[in-house]
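Undergrad: Below are the structure tokens for one structure; questions will follow.
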Amino acid sequence: QVQLVESGGGVVQAGGSLRLSCAASGYSFSSLAMGWFRQAPGKVREFVAAINWGGNLPAYADSVKGRFTISRDNGKNTMYLQMNSLKPEDTAVYYCGRQRSAYSSPSTADFSSWGQGTQVTVSS
């Protein structure tokens, strides 16, 4: 069955960096787009970044553009999110998701599977 396992979350001071990983198994990883969403307490899940099957077409939410970088290694069935210049408002549970097609979309409706999430806390 499809499994997505996030790792790399933690507590960091404002201005610091973290790198999240999402290890995928149970399907053909290289054939589908992937993405990252986040959810803060009391808020809806919001789009962070997505990447197409080949890894050459990243897309970002305006709130993270220039600070976060999404990438993937199809040989390792793993997606990454490098987060730099972190701000307290980036605090949330971060989820990786598998899309239904090869090309990325910012809509949760276009995702078919999710990981369990990893907590990111940025202190001021």
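Undergrad: Write down the radius of gyration of region 51-109 and its Dmax, each obtained from C-alpha positions, in Å.
TA: Computed over the Cα atoms of region 51-109, radius of gyration and Dmax are 12.1, 34 Å.
Undergrad: Return a whole-number percent for the relative contact order of the chain, with Cα pairs under 8 Å and 6 or more residues apart as the contact set. Could the numbers behind the result be given before it?
TA: On the way: 316 pairs, mean separation 43.7, N = 124.
Computed over the chain, the figure is 35 percent.
Undergrad: In the calculated pair distance distribution of region 18-57, what percentage of Cα-Cα distances lie above 14 Å? If you can, show how the numbers build up before the last one.
TA: Values: 454 of 780 pairs.
Counting pairs separated by more than 14 Å, the tail of P(r) holds 58 percent.
Undergrad: Whole number please: convex hull volume per residue of the Cα set in region 22-82, in Å³?
TA: So the per-residue Cα hull volume is 94 Å³.
Undergrad: Same structure again: Given a 1.4 Å probe, how much area per residue of the chain is accessible, in Å²?
TA: Spelled out: the 1.4 Å probe surface of the chain, per residue, equals 48 Å².
Undergrad: Let me ask something else. Can you give the local net charge around Ala102? Use residues other than it whose beta-carbon is closer than 15 angstrom to its beta-carbon, Lys and Arg +1, Asp and Glu -1. It would help to have the intermediate numbers written out before the result.
TA: On the way: positive: Arg72, Arg98, Arg100; negative: Asp110.
Cβ neighbours under 15 Å give a net charge of +2.
The values are calculated or read from the model by the stated rules, or taken from the named source; none is laboratory data. Predicted model, so just to flag it, every value in this text is computed and none were measured. When we count neighbours, we look across all protein chains shown, and the Cβ atoms used for this are built from the backbone with ideal geometry, even at glycine. These area figures cover heavy atoms from the full protein model, side chains too; ligands, DNA and RNA do not enter into them. Shrake-Rupley method; radii C 1.70, N 1.55, O 1.52, S 1.80 Å.
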